[in-house]
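So the structure is just underneath, and the comments pick up after that.
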Amino acid sequence: MRPFKSTISLDEARRRLDAAVRPIDRRERVGLADAAGRVAAADVVSPIDVPPFARSAMDGYAVVAADVSRASKASPARLRVVDRIYTGQPSAIALRSGECAEIATGAPLPDGADAVVMVEETAHAGDDGVDVMAAAAPGQNVGRRAADIGRGDRIVGAGDHLTPARVGALAAVGVTTVEVFAKPRVAILSTGNEVVEPGRTLAPGQIFDVNRFTVGALVAAHGGVPEPLSAAEDTVDAIVASLDACASADVIVFSGGSSVGERDLVVDAIAKRGEMIFHGIAVRPGKPTAFAKIILTPGVPSPPTTPFFGMPGNPTSCLSNAYILLVPFLRATARLPPHQPRRVPLPLAGRIVSATGRHQFYTVRIEDGKAVPAFKGSGDITSLSRADGYIEIPADRDVVEEATLVDVLLF
Ligand code: AMP
Ligand code: MG
């Protein structure tokens with residue numbers, strides 16, 4: 001055993017990670033149906049006016065406003081109905097004074113008309129007449145051409161996160177594809193002689209690979225493309241060979257073997273391929289976490305480096321640190337806005353004794369308006385799978401008493 005010489009604080013780990021982020025530069029073009037959740041790589045300028053024509057904002061009558069400028073219930077203005085205008089069917093008639101046209105919401109305003117009177121403010125008068133019982137001013141109930149978007153307006157800027165509404169703005173101007181930043185490719189690999197693929201039969205001493213799937217799911221949920229590799233044996237050569245297989249990745253995440261045991265060889269593999277940025281964080285779970293810059297193209301002058309996370313093998317430690325360290329790093333790499341977990345203040349349903357000197361992420365379930373401690377151990381995936389969120393217990397605190405109001409951060 002080679003004990004941890006020292007650990008760094010969570011804040012320091014976050015600072016070093018922030019400093020190592022290189023936002024992705026690769027771009028690709030995607031169809032509008034696949035654009036939501038992506039990040040625009042270029043400005044998009046509208047080629048048209050929206051709406052492309054003046055249109056009615058109400059079901060009612062298109063009128064010449066001057067004809068009804070003094071209309072009221074007591075003295076209605078009588079107009080002759082000369083057309084019916086539905087959506088998608090412009091009128092061939094130009095309105096003259098004393099005339100009006102029945103019009104549907106969204107239908108193009110006929111020439112000559114400059115206002116729309118709501119149907120509720122009118123009454124039929126004979127076969128082709130209508131009484132207008134409220135005054136209208138020019139422009140009333142009319143959506144003027146380009147009121148929403150003008151031709152040449154920038155509707156999406158480079159770097160904008162494409163929310164459903166921004167995809168809607170692109171659709172409104174008739175755009176069919178959009179240039180976006182590529183999703184970072186994240187190579188994911190589990191190390192350990194005992195780790196086997198789900199679906200196989202377990203031999204004595206073996207366990208199924210959990211981390212590849214938890215990390216993969218989280219990567220996909222936060223803007224990355226998970227690229228799983230098959231598990232590596234606990235030899236430096238096998239781990240180095242696995243690293244070499246990650247040359248096309250933007251981020252590498254290995255789990256297992258990151259501690260200081262004899263079979264924890266990730267540190268030795270890093271020494272052969274790159275530079276350690278930190279090893280050991282004062283958090284619980286997840287202390288034996290390494291972060292490094294790996295060089296996969298030796299011989300090239302000033303070779304590019306690939307960020308490497310060496311996560312602990314324990315499933316809860318691995319996933320907890322993936323949430324806390326990998327997700328912010330990946331989102332920044334993908335140029336996505338930071339993830340803001342929802343916080344709910346709740347009274348704690350039991351007493352928690354925490355490890356002093358380490359910032360603890362303690363999982364809880366929410367039951368009957370209370371935060372119920374759910375943490376079993378770092379090795380138990382159910383510490384997380386049966387939890388709704390977690391609370392943070394700072395390094396200088398060792399006990400949180402029952403009934404304390406705690407901030408639960410929801411997964
Ligand atoms: P390690 O970090 O390699 O010392 O592993 C710590 C513990 O996590 C050991 O009990 C391993 O068997 C277990 N473990 C390691 N990798 C995985 C994995 N991918 N899925 C589930 N458990 C794992
Ligand atoms: Mg191991």
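The values are calculated or read from the model by the stated rules, or taken from the named source; none is laboratory data. Remember, predicted model here, so these are calculated numbers, not experimental data. A quick note on method: Cβ atoms are made from the backbone with ideal geometry, for glycine too, and the neighbour counts reach across all protein chains shown. Note: areas computed on protein heavy atoms with side chains; ligands, DNA, RNA excluded. Shrake-Rupley method; radii C 1.70, N 1.55, O 1.52, S 1.80 Å.
A few points about this structure:
- For beta carbons closer than 6 Å, sequence separation of 6+ or different chains, a first residue in segment 122-140 that is of a type in the set (Val, Ile, Thr) and a second that is open to solvent by less than 50 Å² (accessible area, probe 1.4 Å) and assigned to a loop (DSSP other than H, G, I, E, B), the qualifying pairs are 132/71.
- Whichever residue in segment 298-329 is without any contact (Cβ under 8 Å) to a residue 60 or more places away in the chain and small (Gly, Ala, Ser) and, among such residues, is nearest to ligand 1 (Cβ to nearest atom): 310
A quick yes/no check of all residues on (1) within 16 Å of ligand 2 (Cβ to nearest atom); (2) out of contact with any helix residue (DSSP H, G or I) (no Cβ under 9 Å at 6 or more places or on another chain); (3) of a type outside the set (S, T, N, Q); (4) outside any loop (DSSP other than H, G, I, E, B):
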site: 135; (1), (2), (3), (4): no, no, yes, no
site: 139; (1), (2), (3), (4): no, no, yes, no
site: 152; (1), (2), (3), (4): no, yes, yes, no
site: 174; (1), (2), (3), (4): no, yes, yes, no
site: 186; (1), (2), (3), (4): no, no, yes, yes
site: 193; (1), (2), (3), (4): yes, yes, no, no
site: 212; (1), (2), (3), (4): yes, yes, yes, yes
site: 219; (1), (2), (3), (4): no, no, yes, yes
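- Residue in segment 354-361 that is modelled with pLDDT of 95 or more, in contact with a strand residue (DSSP E or B) (Cβ under 8 Å, 6 or more places away or on another chain) and not in a strand (DSSP E or B) present: no
- Strands (runs of 3 or more DSSP E) contained entirely in segment 58-104, each with at least 3 residues that are touching a residue at least 60 places away in the same chain (Cβ under 8 Å): 60-63
- Residue count for segment 279-297 satisfying the condition of being open to solvent by 10 Å² or more (accessible area, probe 1.4 Å), away from ligand 1 (no atom under 14 Å from the Cβ) and either assigned to a loop (DSSP other than H, G, I, E, B) or more than 17 Å from residue 246 (Cβ to Cβ) (or both): 4.
- Pair list, Cβ under 6 Å, 6 or more apart: segment 183-199 residue farther than 13 Å from residue 212 by Cβ, other residue within 14 Å of ligand 1 (Cβ to nearest atom) and assigned to a loop (DSSP other than H, G, I, E, B): 193/233; 193/234; 194/205; 194/206
- Candidates 46, 97, filtered to the one that is more than 30 Å from residue 323 (Cα to Cα), open to solvent by less than 70 Å² (accessible area, probe 1.4 Å) and of a type in the set (S, T, N, Q): 46
- If the condition is being hydroxyl-bearing (Ser, Thr, Tyr) and touching a Pro at 6+ places or on another chain (Cβ under 9 Å), then segment 70-114 contributes 87, 91.
- Scanning segment 362-387 for residues that are without any contact (Cβ under 8 Å) to a residue 40 or more places away in the chain, surrounded by 18 or more Cβ atoms within 10 Å (Cβ to Cβ) and farther than 19 Å from residue 318 by Cβ yields 371, 373.
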